[in-house]
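The values are calculated or read from the model by the stated rules, or taken from the named source; none is laboratory data. Worth saying up front: this structure is predicted, and the values here are computed from it rather than measured. Cβ: placed from backbone, ideal geometry, glycine included. Neighbour counts: every protein chain shown. SASA here: full protein model, heavy atoms, side chains in, ligands and nucleic acids out. Shrake-Rupley method; radii C 1.70, N 1.55, O 1.52, S 1.80 Å.
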Amino acid sequence: MKIRALAMILCTLFMSTAFLGIGYAALNDELTVSGQGTGKVPEIVYISAVTVSNGSATNITKSGTVLGSTVTLAASTSAQTILRVTVKNNTEYPYVFNGLTYTEGPDTYDNTAITVATSIKKGVALSAGASTSFDVTYKYKSGVASSRTLNSIVNLSFVPSDEYIPEIAVKGAIGQFGAILNDSVSYNKLIDAMDNTAGGRANNTYMGNVAGATDADSRAIDELFTVNGKHLLTLDIKGDGTETNVTAMIKREDIGGTSADEMVIYMTGETISGSLFRPSEVQVFAAIYVQNDAGEWEQRGELFEGVANSNNYSGGWGSHNSFNTDTWESAKVYNNVKAGSTIEQVLAGIPAE
């Protein structure tokens with residue numbers, strides 16, 4: 001019995017030594033570890049330091065670009081906890097900040113009444129071997145919450161620069177759509193036009209200026225998106241600063257599951273074709289607007305790229321001259337929501353503000 005126990009101990013020591021040897025050989029660059037002893041840092045982008053510059057935070061952990069903490073806010077609507085984070089690019093290649101992500105849950109982000117944001121903007125580059133510091137700020141979403149503590153794990157995502165997909169610039173169309181929704185005169189003009197279905201539109205949940213739209217609908221959209229003689233229904237689709245004219249479909253529908261309608265503008269720069277038996281797939285970008293507690297319309301998330309099937313604008317059997325917003329699916333992963341998701345699923349995946 002004693003011999004068997006001794007053999008097991010020796011075997012365990014041998015395996016532990018072998019594992020440590022493999023781990024040591026796979027790492028480089030000195031890293032000071034919490035407690036005693038030193039190790040090596042792998043060739044990755046990682047959080048090298050975290051300090052509390054304002055407020056209260058405990059249980060701070062870091063692994064790669066994943067930051068864990070427990071923050072407790074003061075009982076004031078303006079209360080904030082700010083962590084100063086330093087990130088090092090310990091690789092031979094440039095990386096780009098790809099945003100902050102987290103998953104709500106009791107073990108990952110347990111208080112949605114508290115929001116988190118970074119001072120570093122998405123798309124900021126980090127050169128090979130370089131470090132950068134920025135703030136991660138925690139604050140109340142709306143007034144002092146009943147629970148003032150948040151336990152969270154968030155990922156400060158960096159990706160290789162050649163894998164980064166820049167967000168499509170949203171100069172004309174998106175800015176003007178927000179202005180339309182938050183101006184009582186233009187908003188009422190939009191709603192009145194949507195409610196007027198006398199021209200042959202199937203119902204009052206949508207309206208657009210696509211090729212098959214009625215003259216009245218196209219005229220209303222064009223007027224709303226023209227300011228001082230400048231046509232603003234444009235998108236920088238290629239991300240190179242070139243504005244492309246687009247046609248749009250505006251939809252009001254409950255996609256958030258709260259019984260309140262959201263406003264979604266769907267836009268395409270493509271010429272639409274197809275038929276009942278052979279619908280075409282159309283590249284369609286979508287922006288979602290919701291009303292906040294103050295009654296103001298705010299864009300949720302970014303401009304989402306997707307595809308939708310062609311159809312007939314009036315909802316009839318005729319030639320395809322529009323696209324069906326009900327068939328829209330995302331073309332990329334957004335906020336950990338897989339490509340091919342519905343507009344409802346994309347909205348649900350947007351982190352709480």
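Remark: the residue 298-residue 124 segment gains 60.2 nm on full extension, using 0.36 nm per residue and subtracting the alpha carbon distance.
Taking Cα pairs under 8 Å and at least six residues apart, what relative contact order does the chain come out at, in percent? Kindly include the intermediate steps, with their values, before the conclusion.
Values: 734 pairs, mean separation 37.9, N = 353.
Dividing the mean separation by the residue count of the chain yields 11 percent.
Checking the a/c ratio against 1.5 first, then a/b against b/c, what shape does the Cα gyration tensor give for the range 69-188? In terms of gyration-tensor shape, oblate. Over 22 Å apart at the Cα level, from the set 121/238; 189/230; 122/338; 121/332; 62/332; 122/332, are 62/332.
Counting helices only, and only those DSSP H runs with n ≥ 4, report the 222 nm mean residue ellipticity of the chain as the sum of -39,500 (n - 2.57) divided by its residues, in deg cm²/dmol to the nearest 500. All intermediate terms of the calculation are to be shown ahead of the outcome.
Numbers: 5 runs with 62 residues, N = 353.
So the calculated ellipticity at 222 nm is -5500 deg cm²/dmol.
Using alpha carbons only, how many degrees (0 to 90, rounded to 10) separate the axis of helix 172-181 from the longest principal axis of the chain? Approximately 70 degrees, to the nearest ten.
Relative to the present Cα-Cα distance, how much length would full extension add between residue 159 and residue 204 at 0.36 nm per residue of separation? Before the final figure, lay out the partial values.
Details: separation 45, 0.36 × 45 = 16.20 nm, distance 4.32 nm.
Extra length from residue 159 to residue 204 when fully extended: 11.9 nm.
Express the accessible area of the range 222-273 per residue in Å², computed with a 1.4 Å probe while the remaining protein chains stay in the model. Write out the running numbers ahead of the final one.
Details: 2510 Å² over 52 residues.
Ligands and nucleic acids excluded, the result is 48 Å² per residue.
Both radii were evaluated on the Cα set of the chain; the Rg over Rh quotient, with Rh as the Kirkwood radius, amounts to 1.10. Taken per residue, the accessible surface of the range 296-339 reaches 47 Å², heavy atoms only and a 1.4 Å probe.
Rounding to the nearest 20 debye, state how big the charge dipole of the range 196-280 is about its Cα centre with +1 on each Lys and Arg Cβ and -1 on each Asp and Glu Cβ. Could you put the intermediate results ahead of the total?
Values: 7 positive and 12 negative charges, 46 e Å.
Value, rounded to 20: 220 debye.
Counting only residues at least eight positions apart within a chain, or on another chain, the aspartates and glutamates with an alpha carbon under 12 Å from that of residue 139 are 353. Relative to the longest principal axis of the Cα atoms of the chain, helix 215-224 runs at roughly 50 degrees. Normalised per residue, the accessible area of the range 92-155 is 50 Å², obtained with a 1.4 Å probe and no contribution from ligands, DNA or RNA.
Accessible area per residue (1.4 Å probe, heavy atoms of protein chains only) ranks 237, 288 as 237, 288, with the largest value leading. Computed about the Cα centre, the dipole magnitude for the chain is approximately 1280 debye when only Lys and Arg (+1) and Asp and Glu (-1) carry charge, each at its Cβ.
Computed from point charges on the beta carbon alone (+1 for Lys and Arg, -1 for Asp and Glu), the dipole magnitude for the range 216-260 about its Cα centre is near 40 Debye. Once the dipole of the range 225-287 is set up with Lys and Arg at +1 and Asp and Glu at -1 on Cβ about the Cα centre, which of 266, 244, 285 lies farthest towards its positive end? Result: 244, furthest along the dipole toward the positive end. Candidate cross-link partners of residue 251 among the aspartates and glutamates, defined by an alpha-carbon separation under 14 Å and a same-chain spacing of 8 or more, comprise 192, 195, 217, 261, 262, 326, 344. On the chain, 52 percent of the accessible area sits on carbon and sulfur atoms, based on a 1.4 Å probe. For the range 308-335, the residues whose amide N sits under 18 Å from a probe point set 7 Å from the Cα of residue 222 along the beta carbon direction are 322.
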